[in-house]
Each structure stands twice: as C-alpha cells, then as structure tokens.
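Only one structure is covered here, and it is reproduced in the block below.
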Amino acid sequence: MLSSLLKKLSGAKDEALTRDEGRVAVAALLVIAAHADHDYAEVEREQIERALAARYGLDAKAAAALRAEGEAAETASTDLYRFTSLVKQSVPYEERAAVLEAMWRVVLADAQREAHEEALMRRVTDLFGLDARDSVDARRRAQT
C-alpha cells in the first residue's frame, strides 16, 4: 500500500487514493504538521494517534501503526502539494475541514504556535481548497 501511495505522490500514477491510501496520506499530513516547528514531540505523536483513532474508529494499536505509516510516507515524500492534492481529490470538502482541524490539534498540542506552523496551516488551507474562515473555525474547534 505504501509503495502504491508513493507512486501516486510521485505522479507516476494518476488515480484517486484507495481508502487505506487516503488514511496514510491524512496521517502523513498530521506528521507534517507535527514537524512544522522542527520538534516532533511525544505529545504531538499522541495527538496524531488520538485524531486517527477518532477519525477512523481505530484502537490504540491500529492508530499507532497508521501514524507509523504516515511517518514513513512523510519521510519518503518531500512534496506537500502532492499530499494535499491527493487528499483534496479523495476527501469531500466537509471532511477536509475536519482534517484541517486535526492538523490544528497537532500543531497546538505542544501549547506553542510557531511562525512555521502558521505558514504551513495557511498553505494547507489554500491547497485543500478551503478558505481562511474554515481555518479559523477549525482552529477554534481544536482549541476547545
């Protein structure tokens, strides 16, 4: 599955993501959000696992495994645009807002907001085809 996703990320395959590939792509975006401040803290890994468990109805072990797959996908790919493009193709608008909210939860997990994180979130909002209001609403929900 990861090799198939990576082919799609490289542009070698121009087709929609499968359900499992979509999950890995979302996990990778959460990992990218955690790395935005160049400090991948344990609290961020835990938040990623909580977000994946809640979004996909996974137990703790499956959520940790999905996070690990997201880490591998993030490491193997250097192109944020391809991740967001594939997610945008495969995930309905309302669900993209929920993914953005999950990314905000990861960014805010360490209780510090850095300029790199803010810039990433603005870029992802745009690449997801969402507007600034969607991002503000997602951030507010993430803060509660």
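When you scan the stretch 79-99, how many residues do you find that are part of a helix (DSSP H, G or I) and touching a residue at least 40 places away in the same chain (Cβ under 8 Å)?
Matching residues across the stretch 79-99 total 14.
What is the residue count in the stretch 114-144 for residues that are loosely packed, with under 15 Cβ neighbours inside 10 Å and part of a loop (DSSP other than H, G, I, E, B)?
Count: 4.
Could you grab the pairs with beta carbons closer than 8 Å, sequence gap of 6+ or different chains, first residue in the stretch 103-127 and within 24 Å of residue 89 (Cβ to Cβ) and without any contact (Cβ under 8 Å) to a residue 60 or more places away in the chain, second one among the aromatic types (Phe, Trp, Tyr) and part of a helix (DSSP H, G or I)?
127/81
Quick note: the coordinates plus some simple rules give every number you see, no bench work behind them. Computed from a predicted structure; not experimentally measured. Virtual Cβ from ideal backbone geometry, glycine too; neighbours counted across all protein chains shown.
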